[in-house]
Amino acid sequence: MAAWCERVLAAAAPACVAAKLQLACFERLGAPGWAALARVARAAREHGLLVIADGKRGDVPVSARAYAQALFGTTSTPWGKVSGLDADAATLNPILGGDALEPLIESAAAAGAGVFALVRTSNPGAADLFDLPTDQGPLHERVARLLDARADALAGASGLSGVGAVVGATEPRHLARLRELMPRSIFLLPGVGAQGGRAEELADAFAAGPASAIVTASRSVAGAPDPGAAAERLREGVWEAACRGSSRR
């Protein structure tokens, strides 16, 4: 499994900025899977890529701190410190609320890393919860406000924040409003390719500038006969969308 991932990375890395590692695919293999995950993360860094740990972590604060150690930090033991994954960013589930997010955001800040919290996901069933009405608009807008209130915790010199948002590329109609609510957040945009999302429809995500969104396309790149060519085609489409979006500022 690790060798296959390394081959995909070697082919696709020149057109990419990050590798999004789906933790479930490694964790299902037990301890050998975690070893493979660490090996693939090292390979991604050797290609100059950021490592995004995609596990949608979220729990009560005491457990959130343990997740934070696994993703970004270390754990002290009587035999010394044990390192976690040392990810550059991780995906989070914000449904438990702000106090559950804060240990992960604090740990990311200490490590110089970032987070992407689920705001409006790419799967069809996302509407079952994220589009429910609240006194502040749909639930996904309330989550967006929750994140924007924490943007200063991971603010960068560019004006963008590492308190980012997962916004599905399969529902581009939400992008303009969510960008309005989260002007500083970097968006992680899954769903292009196999799920039906189209890079050319994502310009609104880049309204805060060309570095304000990351488009992911897992199966359509990793499963392509030529992952490098597939990644390059996506890069070209994303760059066109980014230029259109940033010109609207």
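Just so you know, all these numbers are worked out from the coordinates, no wet-lab data involved. Predicted model, so just to flag it, every value in this text is computed and none were measured. Glycine also receives a Cβ, built like all others from the backbone with ideal geometry; neighbour counts cover every protein chain displayed.
Observations on the structure shown:
- With the charge dipole of the chain set up from +1 on Lys and Arg Cβ and -1 on Asp and Glu Cβ about the Cα centre, the Cα lying farthest toward the positive end among the listed residues A19, H140, A113 is that of A19.
- Normalised by the number of residues in the chain, the average gap of Cα pairs under 8 Å and 6 or more apart makes the relative contact order 15 percent.
- In terms of the mean number of neighbouring beta-carbon atoms within 10 Å, the peptides 111-117, 81-87, 168-174 order highest first as 111-117, 168-174, 81-87.
- Evaluated at q = 0.15, 0.16 Å⁻¹: base-10 log I(q)/I(0), Debye formula over Cα of the range 94-158: -0.52, -0.59
- Residue exposure proxy: S220, S76, ordered by other Cβ atoms within 10 angstrom of their Cβ from fewest to most, comes out as S76, S220.
- Per residue, the convex hull spanned by the Cα atoms of the range 176-224 measures out at 73 cubic angstrom.
- Two-site label geometry, A31 and A211: point separation in nm, points 7 Å out along Cα→Cβ: 4.2 nm
- Centroid-to-centroid separation of the range 1-58 and the range 176-227 [C-alpha atoms, Å]: 19 Å
- Once the mean of 1/r is taken over each pair of separate Cα atoms and inverted, the range 74-206 shows a Kirkwood hydrodynamic radius of 15.6 Å.
- Distant-in-sequence amide H partners of A213 (H built 1.01 Å from N, under 5 Å): F187
- Using only alpha-carbon positions in the chain, the gyration tensor eigenvalues give semi-axes of 26, 24, 16 Å once each is multiplied by 5 and square-rooted (largest first).
- What you get for the chain, charging only the Cβ of Lys and Arg (+1) and of Asp and Glu (-1), is a dipole of about 260 debye around the Cα centre.
- In this calculation the C-beta distance from W79 to R45 is compared with R0 = 30 Å, giving a FRET efficiency of 0.70.
- A compact globular protein would have a Cα radius of gyration near 2.2 N^0.38 Å; the ratio found for the range 151-241 is 1.09.
- Peptides 155-162, 210-217, ordered by how many other C-beta atoms sit within 10 Å of their residues on average, highest first, read 210-217, 155-162.
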